[in-house]
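J.: After the structure tokens below, expect a handful of questions from me.
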Amino acid sequence: MTLRNCLLLCIGALGLGLSGLFAAELRFQDRSGETGIGFRHHANPTPDKHLVETMGGGVALLDYDNDGFLDVFFINGGALVQGADGLFVDRSHPELHDQLYRSLDGKSFEDVTERVGVSAAAKRIYGMGAATGDYDNDGYVDLFVTGYGGTILYRNRNGSTFEDRTEASGANVPGWSASAGFFDADTDGDLDLFVTRYLDWSLETSRPCGEKISVYCSPREYPAVANVLLRNEGDGTFSDVSLAWGVAHVRGKALGVAFNDADADGLPDVIVANDSTAQQLFLNRGSDGFSEEALSVGLAYNEDGGSFAGMGVDFEDYDNDGRPDVVATALSKELYPLFRNEGGGTFGYVTRQAGLAEITARLSGWSVKLVDLDHDGWKDLFAAQGHVLDNVELMEPGLVYLQPPLVALNQAGRFTDVSASAGPAFRTSIAGRGTAFGDLDNDGDIDLVLGVLNDRPIVLYSNASESQNHWLQVRLAGQASARDGQGARVSIRTSSGGEQVRYATTAGGYLSASDPRLHFGLGSESVVDRITVLWPRGARQVLENVGTDRLIAVREPKP
């Protein structure tokens, strides 16, 4: 038997599409200058080294007008201005506004910020990130914006404008909020909100650190703070149930958040990436609220029992065993931690076994995502990168501030760095931060919008749809469950016996929100034998013999 035949048989036994192994090389084309997107992130760094200056740059992909194309929302920073009562955040100048770009055809965009009312010009909030979800179940996606100094909830009014409902809804979260995500915590059919908060920090307590060289302070210099859980009351308002539901019982220094069902009990659980403190896993106990169990299940620390600078996080099944795993980003020399779900309620640290140790040893990451970029049936890894310290080279020779993004292909559970061949953007050093993932031009593959600190974003279009590999996208519509389908578990099975699972969510990564459509790469499989949808409200739906290379819509059965 030849080596090639052996490889084919082995891969076929694993249930993979065979064409994935010999597919065309994955490449991304940088079309930033052709899209009409003129946004530039403004961090406005000062000599005083306020930590908030180096943390922003979120991106959201959402189809706000329901025309079938993803629009792009960028969250800006702000200017720190000295007033009579001290420093405050100024957003009044146009270059400091958040911006929404409406897609015209998937490749070109127009600025509709002022028309739809999402600039945040009057807010004294230093912007961080965004979450997307249809919180009022009217069929139009809404926006939630995080930042230092408060949050903003925008209600989408029939795809034409957004209405600021922050105060009226009770959705203003004080302090410094970072990532957020909509999810149906109590499975009652409407979306609740989980909001991470970074530090007990303010402009009044801010200070530079370092003796001979002024640097941004480590988060260890500031107290930890609790995250916030807002329950959707179903009448357009939210109630803070953080304490009553067990979220406020533990504190951290939270940045990223993602959702999935860690223990297969049908309830959504929450993974939180913490910077320099233990990671958090909030297991959903139904009517008993949440209990934080990261230490007991093996997710709190790395293999040496140490904490790391958890920035972004994702909660997806990287090894196709049907159980959600956890990947996070960290700073240089800490390695990007990958935790494999071992079943039975435990996780194992497998960074080295999966090949990520040698790839990420000297890298510093922010947004991270497990998504099938080359359509071979395995979820690959993307990370936006750049050190948090803009002068790190002065303190640690060998480390660098600006770094290119990372793309690592998943080859049957082990990752291989292909950044060098993925396109010029992956050889360009930047201060990468938030990243949103989705099919911008509706050609079937996953494109990227990468937020860059204090600079212009990068819009990358994939060539994966040009390969021989097949794909399928699923758009969900709930009836008893949340209208946009978030929280549903979708699994597919092909004739070769391969199975993949995706969890419906727009959260994950860092400060960003992604395409709500579920994407599956299929390799050589041209038909999906079975699609099974488990809806949050308990319905089970099965579709059989589904053709590929298309988007299908699945509506939840009426109760």
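J.: Answer yes or no: is there a residue in the stretch 501-513 that is farther than 30 Å from residue 311 by Cα and among the charged types (D, E, K, R).
T.: Narrowing the stretch 501-513 to residues farther than 30 Å from residue 311 by Cα: none.
No, that holds for no residue.
J.: Which residue pairs have Cβ atoms closer than 7 Å, lie 6 or more positions apart in sequence or on different chains, and pair a first residue in the stretch 41-70 that is outside any loop (DSSP other than H, G, I, E, B) and modelled with pLDDT under 95 with a second residue that is surrounded by fewer than 18 Cβ atoms within 10 Å (Cβ to Cβ) and of a type in the set (Ser, Thr, Tyr)?
T.: Qualifying pairs under 7 Å: none.
J.: Which of the residues that make up the stretch 52-69 are under 25 Å from residue 92 (Cα atoms) and open to solvent by 10 Å² or more (accessible area, probe 1.4 Å)?
T.: none
J.: May I pose another question? Whether any residue in the stretch 378-385 is without any contact (Cβ under 8 Å) to a residue 40 or more places away in the chain, out of contact with any Gly (no Cβ under 6 Å at 6 or more places or on another chain), open to solvent by 60 Å² or more (accessible area, probe 1.4 Å) and part of a strand (DSSP E or B) is what I want to check.
T.: As a first pass, look at the stretch 378-385 and keep what is without any contact (Cβ under 8 Å) to a residue 40 or more places away in the chain: 380.
If we keep only those that are out of contact with any Gly (no Cβ under 6 Å at 6 or more places or on another chain) as well, we get 380.
If we keep only those that are open to solvent by 60 Å² or more (accessible area, probe 1.4 Å) as well, we get none.
No, the stretch 378-385 has no match at all.
J.: Shifting gears a bit: Among the residues of the stretch 423-439, which ones are open to solvent by 10 Å² or more (accessible area, probe 1.4 Å) and of a type in the set (S, T, N, Q)?
T.: Answer for the stretch 423-439, where residues must be open to solvent by 10 Å² or more (accessible area, probe 1.4 Å) and of a type in the set (S, T, N, Q): 428, 429.
J.: Answer with yes or no whether residue 236 is within 15 Å of residue 172 (Cα to Cα) and either open to solvent by 40 Å² or more (accessible area, probe 1.4 Å) or in a loop (DSSP other than H, G, I, E, B) (or both). Let's see the steps before the verdict.
T.: Numbers: within 15 Å of residue 172 (Cα to Cα): yes; either open to solvent by 40 Å² or more (accessible area, probe 1.4 Å) or in a loop (DSSP other than H, G, I, E, B) (or both): yes.
Yes; evaluated as a whole, the condition is true for this residue.
J.: Suppose we keep only residues that are under 16 Å from residue 334 (Cβ atoms) and of a type in the set (A, V, I, L, M) within the stretch 396-409. Which one would you say is most open to solvent (accessible area, probe 1.4 Å)?
T.: It comes out as 400.
J.: For the stretch 71-98, which positions are crowded, with 23+ Cβ neighbours inside 10 Å and either at positive phi or in a strand (DSSP E or B) (or both)?
T.: Listed by number, the residues that qualify are 72, 73, 74, 78.
J.: Could you list, in sequence order, the residues of the stretch 294-325 that are open to solvent by 40 Å² or more (accessible area, probe 1.4 Å), part of a loop (DSSP other than H, G, I, E, B) and without any contact (Cβ under 8 Å) to a residue 24 or more places away in the chain?
T.: Within the stretch 294-325, 301, 304, 305, 321 qualify.
J.: For the condition open to solvent by 40 Å² or more (accessible area, probe 1.4 Å) and either farther than 24 Å from residue 152 by Cα or modelled with pLDDT under 95 (or both), what is the one hit in 276, 287, 291?
T.: 287
J.: Now for a separate question. Restricting to the stretch 522-559, and then to whatever is without any contact (Cβ under 8 Å) to a residue 60 or more places away in the chain and hydrophobic (A, V, I, L, M, F, W, C), can you tell me which residue is surrounded by the fewest Cβ atoms within 10 Å (Cβ to Cβ)?
T.: 542
J.: Could I ask something else about it? When both residues are 6+ apart or on different chains and their Cβ atoms are under 6 Å apart, which pairs have a first residue that lies in the stretch 168-185 and is over 19 Å from residue 512 (Cα atoms), and a second that is among the acidic types (Asp, Glu)?
T.: Taking only residues 6 or more apart or on different chains, the pairs are 185/192.
J.: Another question, if that's okay. Inside the stretch 188-246, can you point out the residues that are touching a strand residue (DSSP E or B) at 6+ places or on another chain (Cβ under 6 Å) and of a type in the set (S, T, N, Q)?
T.: Answer for the stretch 188-246, where residues must be touching a strand residue (DSSP E or B) at 6+ places or on another chain (Cβ under 6 Å) and of a type in the set (S, T, N, Q): 196, 227, 232, 239, 242.
J.: Check 454, 463, 442 and return the single one that is under 25 Å from residue 55 (Cβ atoms), open to solvent by 10 Å² or more (accessible area, probe 1.4 Å) and modelled with pLDDT of 95 or more.
T.: Residue meeting the stated conditions: 454.
The values are calculated or read from the model by the stated rules, or taken from the named source; none is laboratory data. Owing to the predicted nature of the structure, the values given are computational and were not obtained by experimental measurement. Quick reminder, even Gly has a Cβ in these numbers, built from the backbone with ideal geometry, and neighbours come from all protein chains shown. In case anyone asks, the SASA skips ligands and DNA or RNA and just uses the protein heavy atoms, side chains included. Shrake-Rupley method; radii C 1.70, N 1.55, O 1.52, S 1.80 Å.
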